[in-house]
Amino acid sequence: MELHDHGLASDLEMMRQQAAERRQVLRWLLAGAATLPLMSCGGGSDASGAAAGSAAAGVTTPSTGACTVIPEETGGPYPADGTNTYGGSIINVLNQSGVVRSDIRASFNGATGVAAGVPLTIKLQLLNASGGCASLAGYAVYVWHCDRDGLYSLYSSGVTAQNYLRGVQETDSAGNLSFTTIFPGCYAGRMPHVHFEVYPSLAKAASASNRIKTSQFTFPMATLNEAYTASGYTASVRNLAQISYASDNVFSDGTSLQMATVTGNATDGYVVTLTIAVNG
(Lines give C-alpha, C1' and ligand atoms only; values in the text may rest on other atoms or scores of the structure.)
Protein backbone atom coordinates (compact mmCIF):
# COMPACT_ATOMS: atom_id res chain seq x y z
CA MET A 1 0.00 0.00 0.00
CA GLU A 2 1.29 3.42 -0.85
CA LEU A 3 2.22 5.66 2.07
CA HIS A 4 0.83 9.15 2.68
CA ASP A 5 3.00 11.55 4.64
CA HIS A 6 0.12 13.47 6.17
CA GLY A 7 -2.70 10.95 6.02
CA LEU A 8 -5.36 10.30 3.39
CA ALA A 9 -7.74 13.01 4.58
CA SER A 10 -5.05 15.70 4.31
CA ASP A 11 -3.97 14.51 0.86
CA LEU A 12 -7.49 14.42 -0.51
CA GLU A 13 -8.31 17.88 0.84
CA MET A 14 -5.22 19.30 -0.87
CA MET A 15 -6.17 17.59 -4.16
CA ARG A 16 -9.75 18.91 -3.95
CA GLN A 17 -8.43 22.46 -3.52
CA GLN A 18 -6.09 22.03 -6.49
CA ALA A 19 -8.93 20.65 -8.63
CA ALA A 20 -11.16 23.59 -7.70
CA GLU A 21 -8.45 26.04 -8.72
CA ARG A 22 -7.96 24.28 -12.07
CA ARG A 23 -11.69 24.30 -12.78
CA GLN A 24 -11.80 28.07 -12.17
CA VAL A 25 -8.91 28.62 -14.59
CA LEU A 26 -10.65 26.41 -17.17
CA ARG A 27 -13.83 28.46 -16.91
CA TRP A 28 -11.85 31.62 -17.70
CA LEU A 29 -10.05 29.96 -20.61
CA LEU A 30 -13.21 28.50 -22.10
CA ALA A 31 -15.01 31.82 -21.81
CA GLY A 32 -12.30 33.48 -23.88
CA ALA A 33 -11.94 30.68 -26.42
CA ALA A 34 -15.53 29.90 -27.29
CA THR A 35 -14.80 30.17 -31.00
CA LEU A 36 -12.02 27.58 -30.98
CA PRO A 37 -12.76 24.03 -32.19
CA LEU A 38 -13.52 21.55 -29.44
CA MET A 39 -11.22 18.66 -28.66
CA SER A 40 -12.27 15.04 -28.31
CA CYS A 41 -10.88 12.38 -26.04
CA GLY A 42 -10.84 8.63 -25.86
CA GLY A 43 -8.67 5.65 -26.71
CA GLY A 44 -7.58 4.33 -30.08
CA SER A 45 -4.69 4.41 -32.46
CA ASP A 46 -5.79 7.42 -34.54
CA ALA A 47 -4.70 11.01 -33.91
CA SER A 48 -7.21 11.62 -31.14
CA GLY A 49 -6.31 8.34 -29.50
CA ALA A 50 -2.62 9.20 -29.61
CA ALA A 51 -3.34 12.49 -27.91
CA ALA A 52 -5.31 10.68 -25.24
CA GLY A 53 -2.47 8.27 -24.72
CA SER A 54 -0.03 11.14 -24.31
CA ALA A 55 -2.22 12.68 -21.65
CA ALA A 56 -2.39 9.45 -19.70
CA ALA A 57 1.37 9.04 -20.03
CA GLY A 58 2.09 12.13 -17.96
CA VAL A 59 0.71 15.40 -19.34
CA THR A 60 0.10 17.57 -16.30
CA THR A 61 -2.23 20.14 -17.85
CA PRO A 62 -5.95 19.27 -17.89
CA SER A 63 -7.72 18.69 -21.17
CA THR A 64 -10.37 21.18 -22.27
CA GLY A 65 -13.28 20.97 -24.66
CA ALA A 66 -15.75 18.17 -25.20
CA CYS A 67 -15.24 14.51 -24.41
CA THR A 68 -17.54 11.50 -24.48
CA VAL A 69 -18.30 9.40 -21.42
CA ILE A 70 -16.89 5.89 -21.75
CA PRO A 71 -19.66 3.28 -22.13
CA GLU A 72 -21.01 1.50 -19.09
CA GLU A 73 -20.23 -2.20 -19.28
CA THR A 74 -20.78 -5.32 -17.23
CA GLY A 75 -18.36 -6.07 -14.44
CA GLY A 76 -18.59 -9.70 -15.45
CA PRO A 77 -18.80 -12.69 -13.12
CA TYR A 78 -15.40 -12.17 -11.42
CA PRO A 79 -15.31 -8.66 -9.92
CA ALA A 80 -14.40 -9.58 -6.32
CA ASP A 81 -15.88 -6.23 -5.26
CA GLY A 82 -18.52 -7.58 -2.90
CA THR A 83 -21.31 -7.70 -5.49
CA ASN A 84 -21.40 -11.46 -6.01
CA THR A 85 -20.57 -14.73 -4.33
CA TYR A 86 -18.42 -17.77 -5.07
CA GLY A 87 -18.83 -21.03 -3.23
CA GLY A 88 -21.52 -19.48 -1.09
CA SER A 89 -19.31 -16.63 0.17
CA ILE A 90 -19.17 -12.97 -0.78
CA ILE A 91 -15.82 -12.10 -2.34
CA ASN A 92 -14.55 -8.57 -1.74
CA VAL A 93 -10.93 -7.46 -2.09
CA LEU A 94 -11.79 -3.77 -1.86
CA ASN A 95 -11.80 -3.85 1.93
CA GLN A 96 -8.62 -5.94 2.24
CA SER A 97 -5.33 -4.53 3.46
CA GLY A 98 -2.89 -4.14 0.59
CA VAL A 99 -5.34 -3.70 -2.29
CA VAL A 100 -4.21 -0.10 -2.83
CA ARG A 101 -1.06 -0.70 -4.86
CA SER A 102 0.45 0.04 -8.25
CA ASP A 103 2.08 -3.36 -8.89
CA ILE A 104 -0.70 -5.94 -9.07
CA ARG A 105 1.28 -8.94 -10.30
CA ALA A 106 1.58 -10.56 -6.86
CA SER A 107 -1.16 -11.69 -4.52
CA PHE A 108 -1.52 -9.82 -1.22
CA ASN A 109 -3.00 -9.95 2.26
CA GLY A 110 -1.45 -13.35 3.01
CA ALA A 111 -1.65 -14.95 -0.44
CA THR A 112 1.73 -15.50 -2.11
CA GLY A 113 1.19 -16.29 -5.81
CA VAL A 114 2.67 -14.14 -8.58
CA ALA A 115 1.17 -13.94 -12.06
CA ALA A 116 3.63 -14.67 -14.88
CA GLY A 117 3.45 -13.14 -18.34
CA VAL A 118 4.59 -10.35 -20.64
CA PRO A 119 5.09 -7.16 -18.58
CA LEU A 120 2.36 -4.57 -19.00
CA THR A 121 2.07 -1.02 -17.68
CA ILE A 122 -1.42 0.48 -17.67
CA LYS A 123 -1.61 4.29 -17.65
CA LEU A 124 -5.02 5.88 -17.24
CA GLN A 125 -6.22 9.46 -17.02
CA LEU A 126 -9.66 10.42 -15.71
CA LEU A 127 -11.47 13.44 -17.15
CA ASN A 128 -14.71 15.10 -16.10
CA ALA A 129 -17.03 15.03 -19.11
CA SER A 130 -19.56 17.23 -17.33
CA GLY A 131 -16.89 19.75 -16.28
CA GLY A 132 -15.13 20.86 -19.45
CA CYS A 133 -13.01 17.68 -19.55
CA ALA A 134 -10.98 18.85 -16.56
CA SER A 135 -8.77 16.20 -15.01
CA LEU A 136 -10.19 14.41 -11.98
CA ALA A 137 -7.81 14.46 -9.03
CA GLY A 138 -8.35 12.32 -5.96
CA TYR A 139 -10.56 9.77 -7.71
CA ALA A 140 -9.82 6.05 -7.54
CA VAL A 141 -9.83 3.20 -10.04
CA TYR A 142 -10.09 -0.51 -9.28
CA VAL A 143 -8.77 -2.75 -12.08
CA TRP A 144 -8.86 -6.51 -12.52
CA HIS A 145 -8.19 -8.94 -15.35
CA CYS A 146 -7.42 -12.57 -16.07
CA ASP A 147 -3.93 -14.08 -15.99
CA ARG A 148 -1.86 -15.49 -18.84
CA ASP A 149 -3.97 -18.67 -18.81
CA GLY A 150 -7.27 -16.79 -18.93
CA LEU A 151 -8.00 -17.47 -15.24
CA TYR A 152 -9.39 -15.01 -12.70
CA SER A 153 -7.94 -15.06 -9.21
CA LEU A 154 -10.38 -15.97 -6.41
CA TYR A 155 -12.79 -17.61 -8.88
CA SER A 156 -11.12 -19.89 -11.44
CA SER A 157 -10.10 -23.44 -10.61
CA GLY A 158 -6.47 -23.55 -9.54
CA VAL A 159 -6.22 -19.89 -8.51
CA THR A 160 -9.02 -19.53 -5.95
CA ALA A 161 -6.40 -19.06 -3.22
CA GLN A 162 -4.80 -16.15 -5.12
CA ASN A 163 -5.92 -12.53 -5.45
CA TYR A 164 -3.36 -11.25 -7.93
CA LEU A 165 -4.11 -8.96 -10.91
CA ARG A 166 -6.42 -6.82 -8.77
CA GLY A 167 -5.66 -3.42 -7.33
CA VAL A 168 -6.75 0.13 -6.59
CA GLN A 169 -4.95 3.39 -7.31
CA GLU A 170 -5.76 7.06 -6.66
CA THR A 171 -5.44 9.68 -9.41
CA ASP A 172 -2.84 12.41 -8.99
CA SER A 173 -3.40 16.13 -9.46
CA ALA A 174 -3.60 15.66 -13.25
CA GLY A 175 -6.03 12.74 -13.05
CA ASN A 176 -3.33 10.16 -13.85
CA LEU A 177 -2.58 6.77 -12.33
CA SER A 178 -0.75 3.63 -13.40
CA PHE A 179 -0.57 -0.09 -12.71
CA THR A 180 2.19 -2.62 -13.33
CA THR A 181 0.80 -5.98 -14.38
CA ILE A 182 1.06 -8.70 -17.06
CA PHE A 183 -0.57 -8.88 -20.46
CA PRO A 184 -3.88 -10.74 -20.02
CA GLY A 185 -4.57 -13.92 -21.93
CA CYS A 186 -7.50 -14.57 -24.25
CA TYR A 187 -10.03 -17.07 -22.97
CA ALA A 188 -12.79 -18.67 -25.04
CA GLY A 189 -15.63 -16.35 -26.04
CA ARG A 190 -14.18 -12.93 -25.17
CA MET A 191 -11.75 -10.51 -26.73
CA PRO A 192 -8.87 -9.77 -24.32
CA HIS A 193 -9.82 -6.99 -21.95
CA VAL A 194 -9.26 -5.26 -18.62
CA HIS A 195 -12.13 -4.46 -16.24
CA PHE A 196 -12.24 -1.30 -14.17
CA GLU A 197 -14.47 0.62 -11.79
CA VAL A 198 -14.22 4.35 -11.09
CA TYR A 199 -14.83 5.80 -7.62
CA PRO A 200 -15.14 9.45 -6.53
CA SER A 201 -12.44 9.01 -3.87
CA LEU A 202 -10.03 6.47 -2.46
CA ALA A 203 -12.06 6.21 0.74
CA LYS A 204 -15.23 5.39 -1.21
CA ALA A 205 -13.45 2.70 -3.21
CA ALA A 206 -13.87 0.38 -0.24
CA SER A 207 -17.47 -0.31 -1.30
CA ALA A 208 -18.77 -1.13 -4.78
CA SER A 209 -21.99 0.72 -3.98
CA ASN A 210 -20.02 3.95 -4.44
CA ARG A 211 -18.75 3.26 -7.96
CA ILE A 212 -19.72 5.82 -10.59
CA LYS A 213 -18.60 3.89 -13.67
CA THR A 214 -17.94 0.26 -14.59
CA SER A 215 -16.33 -0.44 -17.93
CA GLN A 216 -13.68 -2.36 -19.85
CA PHE A 217 -10.93 -1.62 -22.35
CA THR A 218 -9.23 -3.74 -24.97
CA PHE A 219 -6.11 -3.81 -27.16
CA PRO A 220 -5.40 -3.44 -30.91
CA MET A 221 -5.42 -6.71 -32.84
CA ALA A 222 -1.83 -6.20 -34.00
CA THR A 223 -0.72 -5.98 -30.37
CA LEU A 224 -2.67 -9.11 -29.43
CA ASN A 225 -1.15 -11.12 -32.26
CA GLU A 226 2.33 -10.02 -31.27
CA ALA A 227 1.89 -10.44 -27.50
CA TYR A 228 0.61 -13.98 -27.87
CA THR A 229 3.80 -15.10 -29.61
CA ALA A 230 5.40 -14.99 -26.14
CA SER A 231 5.87 -18.12 -24.05
CA GLY A 232 2.82 -19.26 -22.14
CA TYR A 233 0.16 -17.77 -24.42
CA THR A 234 -0.45 -20.74 -26.72
CA ALA A 235 -4.10 -21.12 -25.67
CA SER A 236 -4.64 -17.41 -26.29
CA VAL A 237 -3.59 -17.80 -29.93
CA ARG A 238 -6.23 -20.49 -30.44
CA ASN A 239 -8.97 -18.60 -28.58
CA LEU A 240 -8.27 -15.29 -30.31
CA ALA A 241 -8.67 -16.93 -33.71
CA GLN A 242 -12.27 -17.79 -32.78
CA ILE A 243 -13.45 -14.33 -31.67
CA SER A 244 -13.50 -10.75 -32.97
CA TYR A 245 -14.49 -7.28 -31.78
CA ALA A 246 -17.62 -7.59 -33.92
CA SER A 247 -18.74 -10.80 -32.23
CA ASP A 248 -17.64 -9.90 -28.70
CA ASN A 249 -20.58 -9.30 -26.37
CA VAL A 250 -19.05 -6.08 -25.00
CA PHE A 251 -17.11 -4.53 -27.88
CA SER A 252 -19.47 -5.43 -30.75
CA ASP A 253 -21.06 -1.96 -30.57
CA GLY A 254 -17.72 -0.24 -31.08
CA THR A 255 -14.34 0.23 -29.45
CA SER A 256 -13.48 3.87 -30.18
CA LEU A 257 -13.58 4.91 -26.52
CA GLN A 258 -12.28 1.61 -25.16
CA MET A 259 -9.31 0.87 -27.40
CA ALA A 260 -6.05 1.49 -25.58
CA THR A 261 -3.04 3.04 -27.28
CA VAL A 262 -0.06 0.67 -27.05
CA THR A 263 3.72 0.94 -27.29
CA GLY A 264 6.34 -1.73 -26.71
CA ASN A 265 6.81 -5.33 -27.76
CA ALA A 266 6.39 -8.90 -26.54
CA THR A 267 10.01 -9.14 -25.40
CA ASP A 268 10.40 -5.97 -23.38
CA GLY A 269 6.76 -5.52 -22.43
CA TYR A 270 4.02 -3.05 -23.30
CA VAL A 271 2.70 0.29 -22.08
CA VAL A 272 -0.98 0.97 -22.70
CA THR A 273 -2.60 4.36 -22.23
CA LEU A 274 -6.24 5.36 -22.17
CA THR A 275 -8.08 8.55 -21.33
CA ILE A 276 -11.37 7.84 -19.57
CA ALA A 277 -14.14 10.43 -19.42
CA VAL A 278 -16.80 10.10 -16.74
CA ASN A 279 -19.37 12.46 -15.29
CA GLY A 280 -17.51 13.65 -12.22
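Over the stretch 156-257, what percent of the accessible surface lies on carbon and sulfur atoms, probe 1.4 Å? It would help to have the intermediate numbers written out before the result.
Details: 1790 of 3670 Å².
Reported share for carbon and sulfur atoms: 49 percent.
About the Cα centre of the stretch 133-280, how large is the charge dipole given +1 on each Lys and Arg Cβ and -1 on each Asp and Glu Cβ? Please answer in debye to the nearest 20. Please report the intermediate quantities before stating the final value.
On the way: 7 positive and 9 negative charges, 54 e Å.
Once rounded to the nearest 20, the dipole reads 260 debye.
Volume per residue, Å³, of the convex hull around the alpha-carbon atoms of the stretch 197-280?
Working: hull volume 11.9 nm³, N = 84.
Dividing the Cα hull volume of the stretch 197-280 by its residues yields 141 Å³.
Of the peptides 220-228, 132-140, how do they stack up when ordered by the mean number of other Cβ atoms within 10 Å, highest first?
132-140, 220-228
If you build the Cα gyration tensor of the stretch 196-235 and take the root of 5 times each eigenvalue, what three semi-axes come out, in whole angstrom, biggest first? Each step should come with its number before you reach the end.
On the way: eigenvalues 230, 26, 11 Å².
Ellipsoid half-lengths, sorted descending, are 34, 11, 7 Å.
Can you pull the three principal axis extents for the Cα set of the stretch 131-229, in Å, largest first?
Principal-axis extents of the Cα atoms in the stretch 131-229, largest first: 41, 33, 22 Å.
The values are calculated or read from the model by the stated rules, or taken from the named source; none is laboratory data. Keep in mind the model is a prediction, meaning the values are calculated, not measured. Here Cβ is always computed from backbone atoms with ideal geometry, including for glycine, and neighbour counts include all displayed protein chains. Side chains included, ligands, DNA and RNA excluded: accessible areas come from the protein's heavy atoms. Shrake-Rupley method; radii C 1.70, N 1.55, O 1.52, S 1.80 Å.
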